[in-house]
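The values are calculated or read from the model by the stated rules, or taken from the named source; none is laboratory data. Just so it is clear, the model here is predicted, and its values are computed rather than measured. Note: ideal-geometry Cβ built from the backbone for every residue, glycine included; neighbour counts use all protein chains shown. The protein model used for the area step is the full one, side chains on, heavy atoms only, and it has no ligands, DNA or RNA in it. Shrake-Rupley method; radii C 1.70, N 1.55, O 1.52, S 1.80 Å.
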Amino acid sequence: MDQIALDVAHLFAGGLVLVSFMLLYQDRMSGLVNTFALHALVVSLSVAWQAYIQHAPHLYITASIALLVKAIVIPTALHRIIVRLGIHRTIEPVVGVGQTMLAGIGLVALSIMVMLPITAAAGTLAREDLAFALSVVLLGLLMMISRRNAVSQVIGFMSIENGLILAATGAKGMPLVVEISVAFSILVALIVIGVFLFRIRERFETVDIHELHEHRGEQP
Amino acid sequence: MAVAALLWCIAALLATGVCGVAAARYKAATAAVYAVALLVSAVALFIGASFLLHGGARSEALTLPLGLPWLGAHFRIDSLAALFLVVANLGGLTASLYGLGYGRHEEAPARVLPFFPAFLAGMNLVVLADDAFTFLFSWEFMSLSSWALVMAHHRRPGNAAAGYVYLLMASFGTLALLLAFGLLAGSAGGYAFESIRSATASDEVSAVVLALVLVGAGSKAGLVPLHVWLPLAHPAAPSHVSALMSGVMTKVAVYGFARIVLDLLGPPLWWWGALVILLGGMTAVLGVLHALMEHDLKRLLAYHTVENIGIIFIGLGLALAFEANAMPAAAALGLTAALFHVFNHSVFKSLLFYGAGAVLTATGERDMEKLGGLIHRMPYTAFAFLVGSAAISALPPFNGFASEWLTFQAILLSPALPQWLLKFLVPAVGAMLALSAALAAACFVKAFGITFLGRPRTEAARTAGEVDAASLVAMYTLVALCLIAGILPAYFIDALASVTHALVGDSLPSRQGLEWLTIVPIEESRSSYNGLLLLAFIAASAGLTAEVIHRWASNLTRKSDAWDCGFPDPSPATQYTAGSFSQPIRRVFGTVVFRAREDVDMPAPGDSRAARLHVELRDLLWETLYLPAAALVGFAAEKLNRVQFMTIRGYLTLVFAALVVLLAILAIWQ
Amino acid sequence: MAVILDLLVQLCQMLIVLALAPLLTGFVRKVKAHLLRRQGPPLLQPYRDLLRLVRKEAVVAASASWVFRAAPYLVFGTTWVAAALVPTFATGLIFSYAADMIAIVALLGSARFMLALAGLDVGTSFGGIGSSREMMIASLAEPAMLMAVFTLSLLAGSTQLSFIAASLQGPETGLRISLALALVALVMVAIAENARIPIDNPATHLELTMVHEAMILEYSGRHLALIEAASYLKLLLYLSIIACVFFPWGVAVSGQGFGAYLAGAGMYAVKLAGGGLLLAVFETAIAKMRVFRVPDFLGAALMLGFLAALLLFVSRVT
């Protein structure tokens, strides 16, 4: 694999990690959804590049599914949900932005420290993609636990999915049927979550988890 | 023989201390004691410096029939000891010089004069000691004499508590060192450093010894979390003693660490380096953040000592990590950076404490919020303090920058380390070091600006006068050293070459091979620094600009009122205070590190009382580590107190039970 | 003879940076004005400003000390020396070995130290505002810059700007995400250090929104001229660093001859113009941040720099 190919793949993977950090930095809902669209765009570009250098045309389909569904359809749907529910608020993080970013850096270092020694026998491209993919997954999880808002948790969940796609394409070989099923399960999950959000909003006038917590039903 | 001469110097100091007890009530005693201490320190400095500059791997030893009968008292001077002798006696020299002037204002000379030479003697003894018993004895002697000096003004509020905490931490540290030496000597019981060096300890024992030495020497040096006594005790002592404690005693603790871990302990493991680097980084950042929140000048300086000790330990940890990975050139760089910073810090910290002492003498105040405008009343002190502030903030061309630059270069070599934890830890600590350097500059802008610049805030600041000549000479000697070490670091690095050779087996490129007195840490194509050229450049461009403008444009100046946007307020209370200067940084960092809370109590409209700003800062280490420990000890003491009030039969039962248990142990051990 | 020639080239560099700095600021102001559909001041206006100020009498407050009067010269001297050490039209100049990037950052820190002290010297509250905010911004911007320097030194194996520029022109660098991240971090630091929008507004008249301007509020006459000149030089310095490290094409190497120097100077002017244009567009497109959002901004720069270093460790794996 020649140097330019490796460099561009590296660029896209690193770019995905960077956009995950940008997701952590956002404090407005619309900014968050747009950044997620960018996240999905970078993933689809990365998969398309992998398709080109691995000469695996079925990955082009994966890339276009990612682009269509995750970068266009889902963000548009989320924008409309936000408008419909009337949520135009800021996203409150549990701890400050600075500490969340510091934790994110620690997670990236951790995933590099874990992945690189384990995959010592594999090729350079696979190793880098796996290390970056684990970082993206961990950053998505961090986003889910450090935000008080249900929409941001949905987006965190979907960014985890993007990280998994990066890992699967880097490891050379993910059949299309898996991708279709995965994509459909994501769609289903989104519809379910959307329905729930509507019902929650109707019952409680808010989707702030902190306030929902009080209605859990178990006695403290 | 160098060792014999040094021992005579120490004996002279001890004799002076004893005489000081008897003669303290005479007026001339102060001058006499400080003069003798000055001369003896000068002699010891000369001996140490000539030993160090001679270079090579020389060492001289001497054994005296004192102390334990089967051990004797071993003394030895080698290049490491010579370096720390230079540091200690330079501090002692300038402190004695400063004391000649400052000591005249001492209200209780009988509490200071006997212990000052004893303190100097103790520090020199620690550096010369060559066996565990002498080392520990001298260490404890040093602690006790400095404790006596801390308690010199024991009726002042807070000093007694400070002395108590100091004594506790010092005893705790000595206990840790005792255990460490016990482990090092092993069951064979060879306490001389010679036998410890030749014996090899297993990895587990070495790990425990490292931990014990970090606790013992680290607490004396001021490593987090064992630093809490430093900001209490250092300000409580008289100013020249504070300078000695911050500038020299902490370095003697660093000597203890270096001697045991780098010399006696054998080849290090990589994670030792990681641990020391991490502790150093945390110490640096926490020290400077605490300093930023302070407005007592001496406490601020004490917290800065903690920060700089952190920087020194970063260098030492890097040396350990590189040595464990068989990279002697890089280890030499880390060690040189640490040792150079040891020298530099003792110079500019002493200078800053002398300045603070001068301010205290002139105004009677240590609180910055009550000072201001002192540059007009004490111009020489102000200039000396400014140079010290610039040096400690690591600004070129002064010496603080030279040693921090070397530390950064050592950090930049971290990618060559094979262990992944080190590969990530060292850049993180590099970021911490950069953060602490930037925060230190902020803190000293605050310290110098609020104390010396602006307008005087109280009557004491308005009527201050310059201090006496002896203090000024002491300060300006150190100013000259700050500048010289900054622009001619090559000579100092060459002097350190023999030390690094002895400890890690390599040294930095010598200045003989480089032109223009540049210093090169690894090789010329990588990086280089030339302080002299920078100073010449800056002086030339600033001077040329001034000349050109004054000659061909305008050199007229008119004095007028301050502009202040057209609304100048005559009251000096509208100036920025120390608390307001550090408010942005308190908002950014303090909310996390100190749980800082600000509370404004605004009167209702129409109510003419003053508004109140209430700032709450919590020392989380004190609350989570020390207060529970103290509570635990109190609880245990309560429970054990019952032993005081038993009947005679109860005591007899106790004795009987102890006897039976000991016999049983003896039976099982057979 | 060769030494004399090298010294002359170094002297030329010092004069060029001094001569170009006000022009750069004039260019940026002109572009900003045109983007706002104004005519804007003439390109050479900063030169006229400096000349006018230099010839005026300096009014000094009665409570000021020698620090106030000496600071402008020291600030200008250190900034000029730092700007002269950054390669512009040629790398490997004779005195560039006196200071590497860390020393250049520290020289700018010296200048800032003196300026902050001068702000506190007169004893007004506005000077205090400027100094304290400036030191807060510096406490975050310096570590971010040093992280970017760390990343560059990992790539190039050196902290000397000449070597970094030479090695990044080489074939083995390629497209690296770490370089992009380091560039973004450096740009963010440059905006903060030069008191540009969104950190500080260089053209504001509201004292409570000032950072840099508040520190120099009491200055007038030749002192103010020197401080303004120093801030022009600082902007030039940061643009030169970015140009020489991230866009090193066309820079001459020391000893290549007069033609190469001339070509290098031309490329340098082009790069400066490009940088100035981008700065003007960025400043016009974005609004100024609240003071306490600045730590988030600079914290992001620090994280980007650190991330750049981390990602380099990944890609150097073999």
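So how tilted is helix B:115-128 from the main axis of chain B? Cα-based, degrees 0 to 90, rounded to 10.
60
Rounded to the nearest 0.05, what FRET efficiency do B:H550 and C:M289 have when you use their Cβ-Cβ distance and R0 = 35 Å?
0.30
In the neighborhood of B:S195, defined by Cβ-to-Cβ distances under 12 Å, what is the net charge if each Lys or Arg adds +1 and each Asp or Glu adds -1? Mind showing how you got there, number by number?
On the way: positive: B:R197; negative: B:D130, B:D131, B:E194.
Net local charge, B:S195 excluded: -2.
Would you kindly derive the ³J(HN,Hα) couplings of the range B:540-548 from the backbone phi angles with the Karplus curve 6.51 cos²θ - 1.76 cosθ + 1.60 (θ = phi - 60°), listing them in order in whole Hz, with x for Gly and Pro?
5, 5, 5, x, 4, 4, 4, 4, 4
At a Cα cut-off below 25 Å, give the lysines reachable from C:K288, other chains included and same-chain residues fewer than 8 away excluded.
C:K30, C:K32, C:K234
Could you work out the mean projected area of the convex hull around the alpha carbons of the range C:24-81, in square nanometres to one decimal? Write down the numbers at each step before the final one.
Numbers: hull surface 22.9 nm².
About 5.7 nm², averaged over all directions.
Please list, ordered by chain and number, the residues whose modelled amide H lies under 5 Å from the amide H of B:L556; skip anything fewer than 5 residues away on the same chain.
C:A58
Determine, from the Cβ-Cβ distance of B:L625 and B:A657 and an R0 of 35 Å, the FRET efficiency 1/(1 + (r/R0)^6), rounded to the nearest 0.05. Please report the intermediate quantities before stating the final value.
Numbers: r = 35 Å, r/R0 = 1.00.
The pair B:L625/B:A657 has a calculated efficiency of 0.50.
Taking chain C as a Gaussian network, Cα atoms linked when under 10 Å apart, which of C:G221, C:G259, C:G123 shows the biggest mean-square fluctuation?
C:G259
Hey, got the average number of other protein chain Cβ atoms within 10 angstrom for residues in C:53-64? Could you put the intermediate results ahead of the total?
Numbers: counts 2, 5, 5, 3, 5, 5, 8, 5, 8, 5, 13, 6.
Taking the mean over all residues of the peptide, I get 6.
Can you give the accessible area per residue of chain B, in Å², using a 1.4 Å probe? Each step should come with its number before you reach the end.
On the way: 25760 Å² over 670 residues.
Dividing the accessible area of chain B by its residue count gives 38 Å².
Mind running the shape call on the range B:307-386? Use the C-alpha gyration tensor, a ≥ b ≥ c as the square roots of the eigenvalues: rounded below 1.5 for a/c, prolate if a/b tops b/c, oblate otherwise. Spell out each step's value before the answer.
Values: a/c = 5.02, a/b = 3.54, b/c = 1.42.
Note, shape of the range B:307-386 comes out prolate.
Please give the per residue volume of the convex hull enclosing the alpha carbon atoms of the range C:232-318, rounded to a whole number of Å³.
Working: hull volume 12.6 nm³, N = 87.
Cα-based convex hull of the range C:232-318, divided per residue, equals 145 Å³.
Spin-label point model (7 Å from Cα, Cβ direction): what's the B:L666 to C:A70 distance in nm?
7.7
From the square roots a ≥ b ≥ c of the eigenvalues of the alpha-carbon gyration tensor of the range B:355-432, which class results: rounded (a/c under 1.5), prolate (a/b over b/c), or oblate? Don't jump to the answer; show the numbers that get you there.
Values: a/c = 5.23, a/b = 2.89, b/c = 1.81.
The shape class here is prolate.
Could you compute how much accessible area chains C and B hide from each other, both sides summed, with a 1.4 Å probe? Nearest 100 Å² is fine. Mind showing how you got there, number by number?
Values: alone 14870 and 29330 Å², together 37510 Å².
Separately minus together, C and B give about 6700 Å² buried.
Could you give me the radius of gyration and the Dmax of the range A:2-213, taking only the C-alpha atoms into account and expressing both in angstrom?
Over the range A:2-213's Cα set, Rg and Dmax evaluate to 17.4, 58 Å.
Under unit Cβ charges (Lys, Arg +1; Asp, Glu -1), what dipole magnitude, rounded to 20 debye, does the range A:2-213 have relative to its Cα centre? Don't jump to the answer; show the numbers that get you there.
Numbers: 12 positive and 12 negative charges, 96 e Å.
Here the size comes out at about 460 debye.
Around C:T159, with a cut-off of 11 angstrom between Cβ atoms, what is the net charge of the other residues, counting Lys and Arg +1 and Asp and Glu -1? Before the final figure, lay out the partial values.
Values: positive: B:R526; negative: C:D100.
Residues near C:T159 contribute 0 overall.
Got a sec? Which residues in the range B:98-119 would a label at B:R155 touch, if it sits 7 Å along Cα→Cβ and we count backbone N under 18 Å?
B:105-113
Classify the range C:155-215: rounded, prolate or oblate, from the alpha-carbon gyration tensor (a ≥ b ≥ c, eigenvalue square roots; a/c under 1.5 rounded; otherwise prolate if a/b is larger than b/c)? Please report the intermediate quantities before stating the final value.
Working: a/c = 4.92, a/b = 2.92, b/c = 1.68.
Taking the square roots of the gyration eigenvalues as a ≥ b ≥ c, the range C:155-215 is prolate.
Can you give the net charge of the other residues whose Cβ lies under 12 Å from the Cβ of C:A229, counting K and R as +1 and D and E as -1? Walk me through the numbers before you get to the answer.
On the way: positive: C:R222, C:K234; negative: C:D49, C:E228.
Neighbourhood net charge equals 0.
Pulled fully out, how much extra length does the chain show between B:R58 and B:D607, if you take 0.36 nm times their separation in residues and subtract their Cα-Cα distance? Show your work: numbers first, answer last.
Details: separation 549, 0.36 × 549 = 197.64 nm, distance 7.74 nm.
Working it through step by step, the gained length comes to 189.9 nm.
Taking every alpha carbon pair in the protein assembly as shown, what does the distance histogram look like in 10 angstrom bins from 0, in percent?
With 10 Å bins starting at 0, P(r) equals 2, 9, 17, 21, 20, 16, 10, 5, 2, 0, 0.
Accessible area of the protein assembly as shown with a 1.4 Å probe: how many percent of it is carbon plus sulfur? Don't skip to the end; give the middle numbers.
Values: 31830 of 46660 Å².
Within the protein assembly as shown, the accessible surface is 68 percent carbon and sulfur.
Label-point separation (nm) for B:I648 and B:D263, each offset 7 Å from Cα along Cα-to-Cβ?
Taking the two extended label points, one gets 5.7 nm.
Hey, how many Å between the Cα centroid of the range B:131-192 and the Cα centroid of the range C:240-270?
What the calculation gives is 62 Å, centre to centre.
How large is the charge dipole for the protein assembly as shown, taken about the Cα centre, if only the Cβ atoms of Lys, Arg (+1) and Asp, Glu (-1) carry charge, to the nearest 20 debye?
1880
Can you work out D for chain C in µm² s⁻¹ from Stokes-Einstein, where Rh is the Kirkwood radius over C-alpha pairs, the temperature is 25 °C and the viscosity is 0.890 mPa s?
Working: Rh = 20.2 Å.
Using the Kirkwood radius from Cα pairs, D works out to 121 µm²/s.
Which Cα, out of A:L6, A:Q50, A:T119, lies furthest along the positive dipole direction of the range A:2-213 (beta carbon charges, K/R +1, D/E -1)?
Projecting each Cα onto the dipole axis, the largest value belongs to A:Q50.
If Rh is defined by the Kirkwood formula over all Cα pairs and Rg also comes from Cα, what ratio Rg/Rh do you get for chain B? Don't skip to the answer; put the middle values down first.
On the way: Rg = 26.4 Å, Rh = 26.5 Å.
For chain B, the value is 0.99.
Picking from C:A21, C:A64, C:A144, which is most flexible by a Gaussian network model of chain C using Cα springs under 10 Å?
C:A64
Please average, across the residues of B:566-574, the number of beta carbons from any other chain that are within 10 Å of each residue's own beta carbon, and give a whole number.
On the way: counts 0, 3, 5, 3, 0, 0, 2, 1, 4.
Partner Cβ neighbours, averaged per residue: 2.
Does any residue of the range B:421-454 lose at least 50 Å² of accessible area with all protein chains in place compared with its chain alone, and if so which ones (probe 1.4 Å)?
When all protein chains are present, B:F424, B:P427, B:A438, B:V445, B:L453 each give up 50 Å² or more of accessible surface.
Quote the FRET efficiency, to the nearest 0.05, computed for B:L68 versus B:A110 with a Förster distance R0 of 35 Å and r equal to the Cβ-Cβ distance.
According to the calculation, E is roughly 0.55.
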